[in-house]
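Visitor: I'd like to ask some things about the structure below.
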Amino acid sequence: MRSRHLPTILLSTLLVSCGDDGARNHTPAPSPTPAPTLSARELMDASEAIEKFINAERTQEAVLVARKLIERAPVGSSAAATANELAAQALFVRARLPASEVDANERKTLLAEAALCAERSVASASADPAKIAFAALLASSAGNAETARRLFDRSLALAPNDAPNLLQAALSALGAGDGARAKELAARRRVAAADDAWNDGLDAQIALAAPDLSLSSEDAAKAAIDAARRAVAADSDRLEFRMLLARALRKGAKPADAARMLSALEPSARAKPAIAEQFALALAESNDLVGAARAWEDALRGNPADPYVRAQTALAFHRAGLDVRAASELDALMLMKGGAAERTRIDAIWSNQR
């Protein structure tokens, strides 16, 4: 039976065998560094250890084991590809932790490292298209637009009708400002999955982010509203579509309609930062600054450890003229992990408004 203490034992072994912390037996002269080796059994044990650490929410240890695993794997080997794949997964899981645990700078570093590991893991010409798609998604998340495009194209060449991958590729193209590519991928996706509500959701995203130059701003907003409404009608429970509709209504100079639609959501849904942001913006654009502050306050109640939400709450109360409450939130912000960076961000906004 495998020891239930395997992760701790393996972590200690990797640290001693690979890290400087383990080199405690000082010798008169250094010996040649042996070539990295990694047996199939060690790879399996490390994989299980990383999974156990992730499941136990011990992501720092999962990342540490994964990094040491890469050091042990011979460069260019199948073991190295697997080690990099495991590292990408561990790094990505840690990067997705809430802001109370991982600040913006660490998140950016983790995503960049995850993207690099994922790209290395699919260097082989025989790599699985789903793994290539994951590497593309990580490259896009890390802001590597050209790498993301190359990897998405490679995965779609192997699986041209993969609807989820076509969606992610289109969203990545939008993020990179390539509206023409996004439209082309959206058209391919509509053929691959004709009845999927995300087709209309994607059309709304495209109209919002990169409207057709042949359309006026008013017509582009109408196109976004129509597409978002179709998406909501097809899947009314999906909050992403509600958020898209709110953005489209605001773009179409209908903030009161957006606020009314979002106000009908459950409090738990309105507490989600992305929804709260749209709700607060819609209220502010409807000249209800106190309502906008209350929208952020509700979000803060559901996310008390999120420095971004607290910073936005402070900013909203300041805009509503409730400076005592704003100052109280700023004091609390400075005690939070990542709070100083958020304070710097909103101070710049404050300065521009004076």
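Values in this text are rule-based calculations from the coordinates and carry no lab data. No experiment lies behind these values; they were computed from the predicted model shown. Positions of Cβ are generated from backbone atoms using ideal geometry, with glycine treated the same way; all protein chains shown enter the neighbour counts.
Visitor: Based solely on its DSSP helices, what 222 nm [θ] is calculated for the chain when runs of n ≥ 4 H residues each add -39,500 (n - 2.57) and the sum is averaged over all residues, nearest 500 deg cm²/dmol? Please report the intermediate quantities before stating the final value.
Guide: Numbers: 19 runs with 255 residues, N = 354.
Calculated at 222 nm, the ellipticity per residue is -23000 deg cm²/dmol.
Visitor: Tabulate in residue order the Karplus-calculated ³J(HN,Hα) for region 305-311, using 6.51 cos²θ - 1.76 cosθ + 1.60 with θ = phi - 60°, rounded to whole Hz; enter x for Gly and Pro.
Guide: Result, ordered by residue: 9, 8, x, 5, 5, 5, 5 Hz.
Visitor: Considering only A259, A104, A231, give the residue with the highest GNM mean-square fluctuation for the chain, with springs between Cα atoms whenever their separation is below 10 Å.
Guide: Taking springs between Cα atoms under 10 Å, the residue moving most is A104.
Visitor: Ranking request for peptides 87-95, 311-319, 117-125, 75-83: highest mean number of other beta-carbon atoms within 10 Å first, then the rest in descending order. Please report the intermediate quantities before stating the final value.
Guide: Details: 87-95: 23.2, 311-319: 25.1, 117-125: 18.9, 75-83: 17.0.
Highest-to-lowest ranking by the protection proxy: 311-319, 87-95, 117-125, 75-83.
Visitor: Let me ask something else. Rounded if a/c is under 1.5, else prolate if a/b beats b/c, else oblate: with a ≥ b ≥ c from the C-alpha gyration tensor eigenvalues square-rooted, which is region 301-354?
Guide: oblate
Visitor: Among the listed pairs K131/K251; K108/K251; K131/K337; K131/K272; K183/K254, give every one whose C-alpha distance is greater than 28 Å.
Guide: Details: K131/K251 37 Å; K108/K251 30 Å; K131/K337 33 Å; K131/K272 30 Å; K183/K254 26 Å.
Flagged as over cut-off: K131/K251; K108/K251; K131/K337; K131/K272.
Visitor: Return the distance in nm (one decimal) between the two label points of a simple spin-label model at D219 and A274, each offset 7 Å from Cα along Cα→Cβ.
Guide: Output for this residue pair reads 3.0 nm.
Visitor: Follow-up. Can you pull the three principal axis extents for the Cα set of region 30-143, in Å, largest first?
Guide: The Cα atoms of region 30-143 stretch 43, 32, 28 Å along the principal axes, largest first.
Visitor: Roughly speaking, what is the centre-to-centre gap between region 278-354 and region 99-147 when only Cα atoms are used, to the nearest Å?
Guide: Cα centres, region 278-354 to region 99-147: 32 Å.
Visitor: Just the ratio, please: alpha-carbon radius of gyration of the chain over 2.2 N^0.38 Å, N its number of residues. If you can, show how the numbers build up before the last one.
Guide: Details: Rg = 24.2 Å, N = 354, 2.2 N^0.38 = 20.5 Å.
Taking N as the residue count of the chain, the ratio is 1.18.
Visitor: With a ≥ b ≥ c the root eigenvalues of the C-alpha gyration tensor of region 181-231, is it rounded (a/c under 1.5), prolate (a/b larger than b/c) or oblate?
Guide: On the way: a/c = 2.87, a/b = 1.49, b/c = 1.92.
In terms of gyration-tensor shape, oblate.
Visitor: On to the next question. When only C-alpha pairs under 8 Å and at least 6 residues apart count, what is the relative contact order of the chain, in percent?
Guide: Working: 472 pairs, mean separation 31.0, N = 354.
Relative contact order here is 9 percent.
Visitor: Please list 156-168, 263-275 highest first by mean number of surrounding beta-carbon atoms within 10 Å per residue.
Guide: Working: 156-168: 17.7, 263-275: 14.5.
Order by mean packing, descending: 156-168, 263-275.
Visitor: When a/c reaches 1.5 or more, the comparison of a/b and b/c decides; with that in mind, is region 254-354 rounded, prolate or oblate per its Cα gyration tensor?
Guide: Details: a/c = 2.14, a/b = 1.40, b/c = 1.54.
Since a/c reaches 1.5 but b/c is at least a/b, the shape of region 254-354 is classed as oblate.
Visitor: Right, next: Given points 7 Å out from each Cα along the Cα-Cβ axis, report the R150 to S39 separation in nanometres with one decimal.
Guide: 3.7 nm
Visitor: Moving on. Just want to confirm a number: the relative contact order over region 254-354, from Cα pairs under 8 angstrom separated by 6+ residues, in percent.
Guide: 20 percent
Visitor: How far, in nm, would the chain grow between D323 and S100 when pulled straight, counting 0.36 nm per residue and subtracting the alpha carbon separation? Please report the intermediate quantities before stating the final value.
Guide: Working: separation 223, 0.36 × 223 = 80.28 nm, distance 2.49 nm.
The span from D323 to S100 would gain 77.8 nm if fully extended.
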